[in-house]
Amino acid sequence: MSVSASVDLKLDWDIQEDPVKLVPFEERITKGELVEPDDWMPHNYRVGMLRMAEHHANSEIVGALPEGEWITRAPTLRRKLALIAKVQDEVGHGQMLYRVSQDLGKPRDQMLRDLITGKTKYHNVFNYPAPTWADVVMIQWLVDGAAIMNQATLADGSYGPYVRTMKRINMEEAFHFKSGEDMVLTMMSGTPKQKQMAQEAFDRWWAPCLMFFGPLDKESVKTSPFMRWRIKTATNDDLRQRFVDRFAPAALDLGLKIHITVKDQDGMVTEKREDTEIRRNEKTGYWHFSQPDWNEFHRVVKGNGPLNKKRVALRRFSYEQGQWVRRAIVGGSDLPPLC
Amino acid sequence: MDKLPNELKQPLVELLLSVADDKFILGHRNADWTGLAPILEEDIAFSSLSQDEISHAIAIYQIAAGLVGSTADKLAYARKPDEYLCAELVELSDEFNWAIAVCRNFFCDHHDYLRLGRLAHSSYVPLAQLAGRLVAEEQIHVQHVDMLLKRLGHGDTESRERMQSALDRLAPLATGLLEPTQGIELLEAKGVYPRIEPAMFERWTEDLRHVAEASELKLQLQAPRAEAIGGRRGRHSDAFASLLDELTEVYRLEPEAAW
Ligand SMILES: [Fe+2]
Ligand SMILES: [Fe+2]
């Protein structure tokens with residue numbers, strides 16, 4: 001059974017769940033058992049899980065846009081083919097995750113509309129520009145690399161359909177990452193112009209990738225029930241540290257420099273200086289790094305990033321130009337016309 | 001034959017380039033929909049078609065490159081606009097009109113299916129082997145695009161009207177696919193590009209009309225005038241130069257570099 005579309009999809013922490021159901025539910029989760037769509041689940045578990053899966057699905061299809069722009073300009077046949085396949089994978093991830101979300105009670109068309117009317121969000125990192133081919137390279141290396149780190153922990157969650165989807169997605173993301181590694185290596189072994197392009201793109205993406213994992217733990221809203229229910233399994237700061245430990249040394253090995261940057265409102269770097277904090281702590285093995293500009297993070301989350309409007313507008317354009325096709329093939333939507 | 005007589009080389013290179021250029025540019029145009037198609041499932045399917053077209057183009061460029069001493073990438077990225085031999089139909093932007101996109105593929109896939117079917121019986125063995133493999137994939141494209149045409153033709157009034165006007169708009173351009181490349185008679189005579197009965201235009205229109213009728217759509221195709229000169233002789237639409245500019249934008253930054 002899937003719940004009907006009429007289910008109320010708001011979090012409500014005043015709800016008193018029936019302990020006869022809640023206690024065994026939480027015991028199962030502690031034992032590491034998976035929750036399936038037909039199982040009883042607390043209202044807030046359903047809503048929390050739906051929000052996460054929907055946000056993730058949105059991120060996949062918006063994430064297809066910055067790289068999609070470069071398909072027409074990919075510099076070799078092999079790269080062009082690989083880029084189409086890569087963006088296609090991201091759309092496929094979106095499709096799988098919308099399915100998971102649909103089963104939790106929200107129709108797909110509603111989700112696509114909420115995305116283009118700004119009611120729901122997608123990952124912040126896709127509000128930054130990809131002005132050169134080297135940005136495609138950095139997205140596949142750094143952003144897919146960050147996504148794999150995050151998603152590896154999500155594959156350890158408690159909701160069966162999401163966990164299984166995450167495992168499948170991660171296999172494909174590993175491919176993207178490999179191709180990203182191959183491309184960054186090729187450019188960094190290339191001509192001076194290619195190296196400069198790679199460095200400039202790296203400068204644009206380093207800070208957004210640090211922000212990728214969300215705000216500092218001390219500032220993020222209490223998510224304890226979600227941690228207890230294993231909807232989330234690692235903290236933002238943990239994941240960020242793992243990212244830096246993996247990518248700071250890799251970047252330095254490739255000959256890239258890690259910079260602290262100042263950007264204009266279009267997301268282009270206007271000033272940069274070397275991040276002198278970057279070094280490995282020999283005692284702990286962890287890498288030190290400078291925090292990104294968290295004010296910028298909050299600005300972008302609130303919708304005032306370099307490309308928020310452009311990305312949403314393109315999704316809206318796609319939605320609107322495809323409406324007649326969906327009406328003809330999958331039947332009309334019950335939803336009122338978009339205004 | 002495994003080795004090609006000298007006098008067939010130039011005609012075959014032109015024929016191969018016409019096939020590969022059609023596929024390369026069609027795949028390039030179709031990929032505009034990746035991430036933006038009307039239905040997620042169709043987005044994924046359309047991207048696969050686009051990848052197939054480009055993969056086919058690569059394999060055919062490789063044979064041509066072997067004959068002229070070049071590489072597939074150089075053929076794809078480093079020719080002048082008038083050295084491309086694609087038909088005008090594949091060059092045109094569909095302006096994000098799904099009906100145009102589907103109808104364009106309808107004309108092209110049916111044509112490619114026949115063309116590859118002929119090449120699969122080529123007396124030039126390496127080509128016959130390759131085309132035999134490609135024609136099987138092309139058949140899947142044909143099935144997919146026929147299915148789309150039928151579903152949209154039978155959909156509702158709006159979708160039928162949109163499909164009909166796209167067919168009407170593209171039909172005059174589509175026959176340009178059949179413009180012969182130079183020296184094709186020689187290739188036909190030597191069995192490198194075997195003739196079929198009934199001839200190409202009749203077979204192609206027959207196949208198309210059949211599907212159009214089953215989709216409640218009308219299709220009028222006029223046989224191309226023998227003296228019409230277009231893409232197969234390197235004459236292209238105005239849009240083609242800017243298409244190539246975009247396609248080669250990164251390549252041209254460092255043409256000798258690896259990417
Ligand atoms: Fe993905
Ligand atoms: Fe990815």
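Annotations for the structure displayed:
- Given (1) open to solvent by 30 Å² or more (accessible area, probe 1.4 Å); (2) within 14 Å of another protein chain (Cβ to nearest Cβ), number of the condition B:GLU7 does not satisfy: (2)
- Enumeration of residues in the stretch A:37-54 that are over 19 Å from A:ILE169 (Cα atoms) and either in contact (Cβ under 8 Å) with a residue 24 or more places away in the chain or in contact with a helix residue (DSSP H, G or I) (Cβ under 6 Å, 6 or more places away or on another chain) (or both): A:PRO37, A:ASP38, A:TRP40, A:PRO42, A:HIS43, A:ASN44, A:TYR45, A:ARG46, A:VAL47, A:GLY48
- Residue match in the stretch A:109-132 (condition: of a type in the set (A, V, I, L, M), under 22 Å from A:PRO215 (Cβ atoms), within 16 Å of ligand 2 (Cβ to nearest atom) and more than 10 Å from every other protein chain (Cβ to nearest Cβ)): yes
- Any hit, the stretch A:205-217, residues being open to solvent by 10 Å² or more (accessible area, probe 1.4 Å), within 14 Å of ligand 2 (Cβ to nearest atom), outside any helix (DSSP H, G or I) and in contact (Cβ under 8 Å) with a residue 12 or more places away in the chain: yes
Here's the yes/no breakdown for (1) within 14 Å of another protein chain (Cβ to nearest Cβ); (2) in contact with a strand residue (DSSP E or B) (Cβ under 6 Å, 6 or more places away or on another chain):
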{"site": "A:MET149", "(1), (2)": "no, no"}
{"site": "A:TYR159", "(1), (2)": "no, yes"}
{"site": "A:VAL163", "(1), (2)": "no, no"}
{"site": "A:PHE175", "(1), (2)": "no, no"}
{"site": "A:MET188", "(1), (2)": "yes, no"}
{"site": "A:MET197", "(1), (2)": "yes, no"}
{"site": "A:LEU210", "(1), (2)": "no, no"}
{"site": "A:PRO225", "(1), (2)": "no, no"}
{"site": "A:LEU239", "(1), (2)": "no, no"}
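- The test for being out of contact with any helix residue (DSSP H, G or I) (no Cβ under 7 Å at 6 or more places or on another chain), open to solvent by less than 20 Å² (accessible area, probe 1.4 Å), in contact (Cβ under 8 Å) with a residue 12 or more places away in the chain and within 26 Å of B:ARG29 (Cβ to Cβ) does not hold for B:ALA166.
- All conditions but one from (1) more than 23 Å from B:VAL192 (Cβ to Cβ); (2) assigned to a helix (DSSP H, G or I) apply to B:GLN129; the one that does not is (1).
- Which listed residue, of B:ASP109, B:ASP73, B:ASP82, is open to solvent by less than 10 Å² (accessible area, probe 1.4 Å) and part of a helix (DSSP H, G or I): B:ASP109
- Selection count, the stretch B:137-191, where residues are more than 10 Å from chain A (Cβ to nearest Cβ), farther than 16 Å from B:ILE100 by Cβ and among the charged types (D, E, K, R): 8
- Candidate set from the stretch B:43-70 (those that are facing chain A (nearest Cβ under 8 Å) and in contact (Cβ under 8 Å) with a residue 12 or more places away in the chain); member that is surrounded by the fewest Cβ atoms within 10 Å (Cβ to Cβ): B:GLN51
- Filter result (in contact (Cβ under 8 Å) with a residue 24 or more places away in the chain and surrounded by fewer than 18 Cβ atoms within 10 Å (Cβ to Cβ)) within the stretch A:240-253: A:GLN241, A:ASP245, A:ARG246, A:PRO249, A:LEU252
- The number of residues in the stretch B:211-250 being within 14 Å of chain A (Cβ to nearest Cβ), open to solvent by 30 Å² or more (accessible area, probe 1.4 Å) and either assigned to a loop (DSSP other than H, G, I, E, B) or in contact with a Phe, Trp or Tyr (Cβ under 8 Å, 6 or more places away or on another chain) (or both) comes to 2.
- All conditions but one from (1) open to solvent by less than 10 Å² (accessible area, probe 1.4 Å); (2) within 16 Å of ligand 1 (Cβ to nearest atom); (3) of a type in the set (A, V, I, L, M) apply to A:ALA155; the one that does not is (1).
- Conditions (1) assigned to a helix (DSSP H, G or I); (2) out of contact with any Asp or Glu (no Cβ under 8 Å at 6 or more places or on another chain); (3) open to solvent by 40 Å² or more (accessible area, probe 1.4 Å); (4) away from chain A (no Cβ under 14 Å): number failed by B:ILE196: (1)
- Test: residue in the stretch A:265-279 that is part of a helix (DSSP H, G or I) and under 22 Å from A:PHE126 (Cβ atoms): no
- Candidates in the stretch A:288-325 are the residues that are among the aromatic types (Phe, Trp, Tyr) and within 14 Å of chain B (Cβ to nearest Cβ); of these, the one that is surrounded by the fewest Cβ atoms within 10 Å (Cβ to Cβ) is A:PHE317.
- Residue list for the stretch A:164-185, restricted to those being open to solvent by 30 Å² or more (accessible area, probe 1.4 Å) and more than 16 Å from ligand 1 (Cβ to nearest atom): A:GLU181, A:ASP182, A:LEU185
- Among the numbered conditions (1) surrounded by 14 or more Cβ atoms within 10 Å (Cβ to Cβ); (2) in contact (Cβ under 8 Å) with a residue 24 or more places away in the chain; (3) more than 30 Å from B:GLU41 (Cα to Cα), the only one that A:ASP275 does not meet is (2).
- Candidate set from the stretch A:56-99 (those that are farther than 23 Å from A:VAL312 by Cβ, among the small types (Gly, Ala, Ser) and touching a residue at least 24 places away in the same chain (Cβ under 8 Å)); member that is farthest from ligand 2 (Cβ to nearest atom): A:ALA74
- From the list A:ASN170, A:ASN236, the lone residue that is within 15 Å of ligand 2 (Cβ to nearest atom) and polar (S, T, N, Q) is A:ASN170.
The values are calculated or read from the model by the stated rules, or taken from the named source; none is laboratory data. Predicted model, so just to flag it, every value in this text is computed and none were measured. Cβ: placed from backbone, ideal geometry, glycine included. Neighbour counts: every protein chain shown. Accessible surface is based on the protein model in full, side chains and every heavy atom, while ligands, DNA and RNA are left aside. Shrake-Rupley method; radii C 1.70, N 1.55, O 1.52, S 1.80 Å.
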